[in-house]
There are 2 protein chains.
Amino acid sequence: MALENTSEVSEAHPMKGGDGPNSYAKNSILQRGSVDAAKELLNKAIAEKLDIEIFLPSRTFHIADLGCSTGPNTFLAVENILEALEFKYQSRGLHSQIPDFFVFFNDHTSNDFNMLFKSLPQNRRYYAAGVPGSFYGRVFPNASIHFIYSSTAIQWLSRVPKEVLDTNSPAWNKGRIHYSNSTDEVIRAHETQYSEDMESFLHARAQELVYGGLMLLTFPGRPSGTPHSDASPNVCIQLLGACLMDLVRKGVVSEEKVDSFNLPLYHMSPQELAAVIEQNGCFSIEMTTDLPLQSVDITLSLSQLVASHMRAGMEGIFKQQFGEEILDELFGLYRKKCEEQISTVKSEKPVNFLVVLRRKAD
Amino acid sequence: MALENTSEVSEAHPMKGGDGPNSYAKNSILQRGSVDAAKELLNKAIAEKLDIEIFLPSRTFHIADLGCSTGPNTFLAVENILEALEFKYQSRGLHSQIPDFFVFFNDHTSNDFNMLFKSLPQNRRYYAAGVPGSFYGRVFPNASIHFIYSSTAIQWLSRVPKEVLDTNSPAWNKGRIHYSNSTDEVIRAHETQYSEDMESFLHARAQELVYGGLMLLTFPGRPSGTPHSDASPNVCIQLLGACLMDLVRKGVVSEEKVDSFNLPLYHMSPQELAAVIEQNGCFSIEMTTDLPLQSVDITLSLSQLVASHMRAGMEGIFKQQFGEEILDELFGLYRKKCEEQISTVKSEKPVNFLVVLRRKAD
């Protein structure tokens, strides 16, 4: 027996580990908004779409969070899932048959699992394991998971398309760090990479999820019909690219370093995702909707939030390419630009989506 | 539903993480000898004692390594287990029914799981997860594990018995770091702690292991009938205690710090273990034997080996109590003492034991 793929098949872009002031753990309030907004829909999906009766022979219910990072949002999401599951068992009169829950926290091998494990809630009602590896390959045994959850993770491509960094290619993305405001060639290269990645993702999940199992995905995306360049998450990245070019003009960052760097982020539309799911054939789409941006009850301005959120998510990958010394200046500049252009950043169109898939029997 | 115990119930004594010159990863050759010596017995246990037919309905075979540390011995042991299992399936004509293997690497939350995950073999034939938590509590769902392995780990008690550090107790262990060369009161306190710990260990495992599942334990111990003070692993620790007292006399370490410190290590005899297993009642003893010390094919002397092995295993706990600055002097002195007293350290009596237990049906 050989596993289909247990090695890392993709580049890792871990969120900033630890629990310092710029860490992901302390700066993921916008992602938390997404978890909160998803809660009601999660309850609905589990109440209406999950057939727990077929799982009763299993003594353990296996839940996976793909791209969990280091917390705390992943623990909140798991709590929500467990609450909905227990309510479902109880409402069906199956209280005595509530299984043990075993939760698998998955992320790249380079994720800070030590930090994740240290932050695990003390009085949790589930068993916990960390599972290292890219979700673009296999990470779990055949038919072993009952519920898959992934929040704000599948917008990361497995890699930057090679041609985008190739100075001899027509798809070379000179002077930009993202495809969304670039040439048709660059956009096409990313669309192709996205298709390949999502096919790999669905193929792996189709093997791991039991028949009847659900997969709930949330992701920042692009309303169907909106051009890449106008989608709000892309506008935020273009703004960061502009800040980086400012640093090039100031002589702080070399132009070559920018030319050899791209963010492997693709903001898909629900329609695009539906097409790949259709092609894969193993899943039915049970729910697809946009997520309201929760009003976040804190004193920070939206631009501050966007900036700190962006820094927590992007710091690692920028540090790797440009060095730690530019981070404060880059993200300081970014925050200023966000404040100036808040109306552009703050789109009226939905930017977060939720999709619920069900593993069909073959 | 509430889990019986998901919080850490014990003190953690992680092996030295990372992969530096004094790391556990690079200094666990003696433990590796134990893995090698156990291989033949492991094969025998799986060939003769494991009833794989009863597991055929499970699509995944779950293996746990308790107290795995950071590698590489744990990966070697897992390879040995998988080889023996696959051979068994094949020899029974069940080749087409070989399940997926899912291996759970367990250790304290403070273990360096990041390092463990980075060292996972690239082309492994199993899925891998890390499971943080003390094995003196529950770490897995009910009846979820088919094979449990634990090598050189259960000699660590969950804690130092409180009275041993209590200056008002008759069991105060002044001027020593271990029970083995101490008073009857101190020895009794450790015997009691050991009994409680092993009861907790067996109680938790009885719930986690499926009926018919095997548990293979190896541990440094004390031949039945040998006094605590004469057992070779205890002699090694007494020698380390003597080195520490030398540093007290030199004024490098304060006497109070030694008096408030004890190593929570207990070297049980196979007879003692058998008594606790009998009392627990959920396991049959399928095999109990001593492990030959493998001849290690390297150029280091035995005293060098013992010293570097001791440092890799003990450095963390000594650093916590006495500070990093004393480590080189302490373990340098220890190596010298080992060389002088190698005949004492090198016992003719067995010091490593292997026990195979089978989970009985209730």
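In region B:197-242, what residues are among the charged types (D, E, K, R), over 17 Å from the mean Cα position of the chain (by Cα) and surrounded by fewer than 18 Cβ atoms within 10 Å (Cβ to Cβ)? Working first, answer last.
First, the residues of region B:197-242 that are among the charged types (D, E, K, R): B:197, B:199, B:205, B:208, B:222, B:230.
Now restrict to residues that are over 17 Å from the mean Cα position of the chain (by Cα): B:208, B:230.
Within region B:197-242, just B:D230 meets the criteria.
Exactly one of these conditions fails for A:Y179: (1) surrounded by 24 or more Cβ atoms within 10 Å (Cβ to Cβ); (2) within 14 Å of chain B (Cβ to nearest Cβ); (3) out of contact with any strand residue (DSSP E or B) (no Cβ under 7 Å at 6 or more places or on another chain). Give me its number. The single condition A:Y179 does not satisfy is (2).
Selection of region B:293-337 for residues being at pLDDT 90 or above and open to solvent by 60 Å² or more (accessible area, probe 1.4 Å) yields B:K319, B:Q320, B:E324, B:E325, B:D328, B:E329, B:R335, B:K336. Of everything in region B:275-292, what is surrounded by 15 or more Cβ atoms within 10 Å (Cβ to Cβ) and hydrophobic (A, V, I, L, M, F, W, C)? Give them in sequence order. If the condition is that a residue be surrounded by 15 or more Cβ atoms within 10 Å (Cβ to Cβ) and hydrophobic (A, V, I, L, M, F, W, C), then B:V276, B:I277, B:C282, B:F283, B:M287, B:L291 are the ones that fit. In a residue-by-residue description of region B:79-87, the property of being away from chain A (no Cβ under 13 Å), closer than 21 Å to B:L50 by Cβ, surrounded by 18 or more Cβ atoms within 10 Å (Cβ to Cβ) and free of Cβ contacts under 8 Å to residues at least 60 places away in the same chain applies to at least one position.
Considering A:R176, A:R205, A:R159, which residue is under 15 Å from A:Y136 (Cα atoms) and assigned to a loop (DSSP other than H, G, I, E, B)? Exactly one residue qualifies, and that residue is A:R159. Output the residues belonging to region B:129-156 that are more than 12 Å from the chain's Cα centre (by Cα), more than 7 Å from chain A (Cβ to nearest Cβ) and part of a strand (DSSP E or B). Within region B:129-156, B:I145, B:H146, B:F147, B:I148 qualify.
Just one residue in the set A:G221, A:G251 is of a type outside the set (A, V, I, L, M, F, W, C) and within 22 Å of A:F322 (Cβ to Cβ); that residue is A:G251. Would you mention how many residues in region A:93-126 are assigned to a strand (DSSP E or B), at the interface with chain B (Cβ under 7 Å from one of its Cβ atoms) and open to solvent by less than 10 Å² (accessible area, probe 1.4 Å)? Total satisfying the criteria: 2.
The values are calculated or read from the model by the stated rules, or taken from the named source; none is laboratory data. Because the structure is predicted, anything quoted here is derived from the model rather than measured. Don't worry about glycine lacking a Cβ; one is built from the backbone with ideal geometry, like all the others, and counts go over all protein chains shown. Just the protein is used for accessible areas: all its heavy atoms, side chains included, with ligands, DNA and RNA removed. Shrake-Rupley method; radii C 1.70, N 1.55, O 1.52, S 1.80 Å.
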